[in-house]
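A.B. asks: Following this message is one structure expressed as structure tokens.
The values are calculated or read from the model by the stated rules, or taken from the named source; none is laboratory data. These numbers come from a predicted model, not from an experiment. Note: ideal-geometry Cβ built from the backbone for every residue, glycine included; neighbour counts use all protein chains shown.
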Amino acid sequence: MKGPIFVAQKVVVTLFDDIDGSEATETIAFGLDGKSYEIDLSEGNAGELRKALAPYVEAGRKRSRSGKAYRQTEVAPDPSAVRAWAQANKMEVPARGRIPKKVYEAFTAAQ
């Protein structure tokens, strides 16, 4: 009686770009409106996606895995002081509510 025969296999997985069907180089995960997505993209299409999303990523806040927004650990400037400074420097700032990130950045840079 002979021993068992082992057969070696090599599995190759090829990803195809979900936009144009070319060979994909990576899978990108992203979320929108509380839903998670994945898309396989070529290097060029991945770059285009990142470029298109860059202004939104820059202005957005990161969320934890639990879905809650990360809290800043640094002490933020007093909103009333920022609002007064912005108005004195002729920047558009709402009289009430959330102050845009760009106003806080300008305030911090001016200090």
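A.B. asks: Return the only residue of 35, 10, 2 being outside the structural domain of residue 99 (by TED's automatic domain parsing), closer than 27 Å to residue 100 by Cα and not acidic (Asp, Glu).
C.D. replies: After ruling out the rest, the residue left standing is 35.
A.B. asks: Residue 104 versus (1) part of a helix (DSSP H, G or I); (2) surrounded by 10 or more Cβ atoms within 10 Å (Cβ to Cβ); (3) at pLDDT 90 or above: which is the lone unmet condition?
C.D. replies: (3)
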